[in-house]
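Step one of this worksheet: look at the structure below.
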Amino acid sequence: MTDRSRYRAVGIALAFVFACQACGPSAGPSATAPGSPGVGGSAFPPGAAPADAAPLHIDQVLFDDFTYANVKSLERHGWIARARAGWPGARDAKWSKAGISFIDDPARPGNRLVRLTASTDGTPRGTVQAQLCQQRKFLEGVYATRIRFLDDPARGPDGDGLVESFYTISPLKDLDPAFSELDFEYLPNGGWGRPTSVLWANSWETARIEPWYQDNDATAVDGGMSGWHTLVIQVMGGINRFFVDGELVAEHGGDYYPESAMSINYNLWFIADAFIAATGKRSYVDEIDWVYHQADASLLSAEIEEQVEQFRAAKLSFSDTVPAWSPQLPSPCDL
């Protein structure tokens, strides 16, 4: 039996265990998938699932509803809150765990959101950015998130070159053709050749940081996007397909199809040399409701949203049955 077949079997067994949590003590303890950060605490609480609940599809699935009290509890589920210096953004800017926080969802009682906060006084040394990274073990399949982009700063003057991102990435070696990156990047104040708000959908072949060089396929979706959106990236059959709220906005393939295992990431950062002249401190935020990945699948937005509602109805706030690679890969959170 191959590793992937073995883990698929484990995922099916987990679905049976989760669906039977309400059956009583004889159902046995909850299980943990080998090579994952664990699903302990993600199964139904005792008595939470009705006896006739349909089995949930959790085979090779990462789902996180971000129902956390603090960063420490988040990190127990395979996430890394970045504190390491480096690219992207202005040289000497900081990355801080303090930029990751959790708030109650005002639109959905009982729901929690993760908030990323970045701030600046217009100088690199006075700039603090935020990033969140999941383990590096994802490749083909579907990636999705519900995210709230915001055009205006939470405080202070507006106009800085800001990037609000949901993306997947592998470690970058100089001009490495095996480098893989797929990203949605929203620039509320424009940038990279666009004077006003734009969402970029990008697929990468390779890059060099210094001197800067990029080889990517980039599609611009012009216009403001402040508010909640469901973003989906399908990676199957040699084609990367990018969807916003169910609408296909970009297709890339060929050399730009990923070939290396990637991590799942969010970040909020400032474009170097794109600060406004104002010296007052300002801060910007975006917010995330949930993230979903299913390996070797190409689900549409509506199908993913239906899955998420099923998870929530079953009070499943986190599950990870996506196997780690063998040997397990390092998961840097520095790009």
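The values are calculated or read from the model by the stated rules, or taken from the named source; none is laboratory data. Keep in mind that this is a model prediction, so the values were computed, not measured. We place every Cβ from the backbone using ideal geometry, glycine too, and count neighbours over all the protein chains shown.
Considering the stretch 52-109, and only residues there that are assigned to a strand (DSSP E or B) and of a type in the set (Val, Ile, Thr), the residue that is surrounded by the fewest Cβ atoms within 10 Å (Cβ to Cβ) turns out to be 103. Taking the numbered list (1) of a type in the set (A, V, I, L, M, F, W, C); (2) over 21 Å from the mean Cα position of the chain (by Cα); (3) at pLDDT 95 or above; (4) under 30 Å from residue 299 (Cβ atoms) in turn, residue 54 passes all entries but (3). How many of the residues making up the stretch 296-319 are under 17 Å from residue 168 (Cα atoms) and of a type outside the set (S, T, N, Q)? The number of residues fulfilling the criteria is 2. In this structure, residue 234 does not satisfy being without any contact (Cβ under 8 Å) to a residue 24 or more places away in the chain and either assigned to a strand (DSSP E or B) or of a type in the set (D, E, K, R) (or both). In contact (Cβ under 8 Å) with a residue 60 or more places away in the chain and more than 19 Å from the chain's Cα centre (by Cα) - does that describe any residue in the stretch 287-310? Yes, the conditions are met somewhere in the stretch 287-310. Among the criteria (1) within 29 Å of residue 276 (Cα to Cα); (2) touching a Ser or Thr at 6+ places or on another chain (Cβ under 7 Å); (3) buried (at least 20 other Cβ atoms within 10 Å of the Cβ), the one residue 121 does not fulfil is (3). Cβ-Cβ contacts under 7 Å between residues 6 or more apart (or on different chains), taken from a first residue in the stretch 152-171 that is surrounded by 21 or more Cβ atoms within 10 Å (Cβ to Cβ) and charged (D, E, K, R) to a second residue that is at pLDDT 95 or above and not in a strand (DSSP E or B), are listed as 160/189; 160/274; 160/275; 160/276. Scanning the stretch 140-151 for residues that are surrounded by 18 or more Cβ atoms within 10 Å (Cβ to Cβ) and closer than 30 Å to residue 328 by Cβ yields a total of 7.
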